[in-house]
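Worksheet for the structure shown next.
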Amino acid sequence: MSTHETAGGVASDFDVVIAGGGLVGASLALALSGRARRVLLIEGVAPDSSAQPSFDERTTALGNATRRIFQGLGVWDELAGEAAAIRTIHVSEAGRFGSARLRAEEQGVEAFGYVIANRVIGRALWSALQRASGVTLRVPAKVAAAEIAADGASLKLVGADGAQEVVSGRLLVAADGANSIVRAAAGIAAQVEDYDQVAITAPLLTDRPHDGTAYERFTSSGPVALLPLRGGGYGTVWACEPGRAAQLLALPEARYLEALQERFGWRAGRLLSMGRRASYPLRLSRAEATVGTRTVLVGNAAQGLHPIAGQGFNLGLRDAALLAERIAAASGDPGAPELLRGYSQARAADRGGVVRFTDSLVKLFASTWPGASLLRTLGLVMFDLSPPAKRALARVSLGFGGPTPRLARGLPVA
Ligand SMILES: Cc1cc2nc3c(=O)[nH]c(=O)nc-3n(C[C@H](O)[C@H](O)[C@H](O)COP(=O)(O)OP(=O)(O)OC[C@H]3O[C@@H](n4cnc5c(N)ncnc54)[C@H](O)[C@@H]3O)c2cc1C
């Protein structure tokens, strides 16, 4: 593609332009570094800003495949010291007899996953990006508009000081989240289903140290998850109907803790104190295609999930790992239609599997149909007794089908 003259100066040409440097976009840029490709990463909000929407107060459960990908990207050593290992998963339903417990040692793994604060992940990814070869960073700079043609895409960027710039690339990657401006510019529609739930997150201290157990408790008003944190305490996610969430967010800390204790029970001990609450409306958004002309959608831009099973980022990172692998393996044009088609086909089974698994779990546990509650109890009891079912779930972190990215298998990108 030719270089553009712009009001702000001469624009640059890149092989791959990534819009959005959150969890998935920053990981993709790192996976592409040192691969003889000119990569541009554009992020609207500085990674260490309190307004950063991806690297915020949340904690994320990273599966074992994600750990291997982060090892391959050279950031795991920094993260490991701040991670709490999940050694047991305990699933139960309020008011019901059935519960299920999965132990990592029984599945032959050291841990099911690792819980880390999003801010810590952001810090590790972005500090590695400062040293990454072949990656140009534009931060803070927002993608204000995108034009996509058969031979490449050009983007209008607006910096924090209002300065404008036009950049172009042979492949444009949408890693700009669920409301992706790039997806819209590519003319790709998204199906959105509102779950009519809001997730409230907050770190929490209890009166006893955790033993590496992650709890998922299904209640009549939505699921509650407690994820163990490094240094004691838990990260909590409480999903409930929006009106109830507004009331809960307005409660003083002591009353909120009482309400949570009442919902969750005492299995993690007495809830003592908590940090700042944040809230996230929950919906399933699915782009109708994951590739278009010169464009690929990854992470939340491709699919935004309910956090019930802790799969959104793990899935999005596998998008990034496989895309980097396909680009690294191709010597020619990274935006060539056959490369994009091949990538999209290769990701379809994993994407479809995780979306269906997560969506069915939300609906099964939200259902008020009397048969559903029997099914849930039976499911939990039988699951607790069934080693093959437990083994299948323990392997979920490798993906739900299609080729496992090289990085997730502990191999280099190419
Ligand atoms: C409560 C909650 C708990 C979760 N827990 C887990 C978990 O335990 N495990 C798990 O795997 N997943 C979890 N998830 C899902 C996970 O957070 C998402 O899958 C992940 O954030 C997706 O990352 P992303 O980079 O694709 O998108 P985002 O995180 O949305 O990042 C998009 C980035 O693009 C930038 N951007 C947007 N527009 C522009 C623009 N125009 N120009 C420039 N930059 C732009 C934004 O500033 C942002 O940095 C959870 C989600 C929620 C809501």
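Residue separation of A36 and E288 scaled by 0.36 nm, minus their Cα-Cα distance, works out to 87.6 nm of gained length.
By DSSP, the beta bridges lying fully in the chain are antiparallel in about 75 percent of cases.
Largest first, the three principal axis extents of the alpha carbons in region 253-294 are 54, 21, 13 Å in whole numbers. Packing order of peptides 153-165, 245-257, highest average first: 153-165, 245-257 (average count of other Cβ atoms within 10 Å over each peptide's residues). Under the criterion of Cα pairs below 8 Å and six or more residues apart, the relative contact order for the chain equals 21 percent. Dividing the helix sum by the residues of the chain, where each DSSP H run of 4 or more adds -39500 (n - 2.57), gives a mean residue ellipticity at 222 nm of -10500 deg cm²/dmol. At a probe radius of 1.4 angstrom, the accessible area of the chain per residue rounds to 42 square angstrom. The angle between the Cα long axis of helix 23-32 and the longest principal axis of the Cα atoms of the chain comes to about 50 degrees, rounded to the nearest 10.
The values are calculated or read from the model by the stated rules, or taken from the named source; none is laboratory data. Just so it is clear, the structure is predicted and the values come from calculations on it, not from any experiment. In this analysis, Cβ positions are derived from the backbone assuming ideal geometry, glycine residues included, and neighbour counts consider all displayed protein chains. When the accessible area is computed, the model is the full protein with side chains, heavy atoms only, and any ligands, DNA or RNA have been set aside. Shrake-Rupley method; radii C 1.70, N 1.55, O 1.52, S 1.80 Å.
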